Amino acid sequence: MEDIRSLWEQIAPRITRDRPKVAEIQELLDVMFTSFSSGEKEAGRQAAIAIYNMKLEQLR
């Protein structure tokens, strides 16, 4: 989880055109980490899947 947080902290400031998506992704990451930490694996998986389906490679 720390690796993902670190990478996201480096990537997020570079996204300029799709700023609304940055907030959405950050919220999903928070849900994912909180869910996994509290043992709610299904909720964590759903957040991870939602992030995966956002086509992050297209963000600018």
* Which net charge results when you count Lys and Arg as +1 and Asp and Glu as -1 among the other residues whose beta-carbon is under 14 Å from that of Ser35? -> -2
* Report the one residue of Met1, Ser37, Asn53 whose Cα lies farthest in the direction of the positive end of the charge dipole of the chain (charges on C-beta: Lys and Arg +1, Asp and Glu -1; origin at the Cα centre). => Asn53
* Cα axis of helix 2-11 to longest principal axis of the chain: angle in degrees, 0 to 90, nearest 10? -> 20 degrees
* To do: Hey, can you find the accessible area per residue of region 15-60 for me, probe 1.4 Å, expressed in square angstrom?
  => 71 Å²
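Could you size up the charge dipole of the chain around its Cα centre, putting +1 on the beta carbon of Lys and Arg and -1 on that of Asp and Glu, and report it in debye to the nearest 20?
On the way: 9 positive and 10 negative charges, 66 e Å.
Dipole of the chain, to the nearest 20 debye: 320 debye.
Quick check of the Kirkwood formula: for the chain, what is the inverse mean of 1/r over all pairs of different Cα atoms, in Å?
11.9 Å
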* Relative contact order (%) - the chain, alpha-carbon pairs under 8 angstrom, separation at least six -> 36 percent
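The values are calculated or read from the model by the stated rules, or taken from the named source; none is laboratory data. Being a predicted model, the structure only gives us computed values, none of them experimental. Here the Cβ is made from the backbone with ideal geometry for all residues, glycine too, and neighbour counts use every protein chain on show. When the accessible area is computed, the model is the full protein with side chains, heavy atoms only, and any ligands, DNA or RNA have been set aside. Shrake-Rupley method; radii C 1.70, N 1.55, O 1.52, S 1.80 Å.
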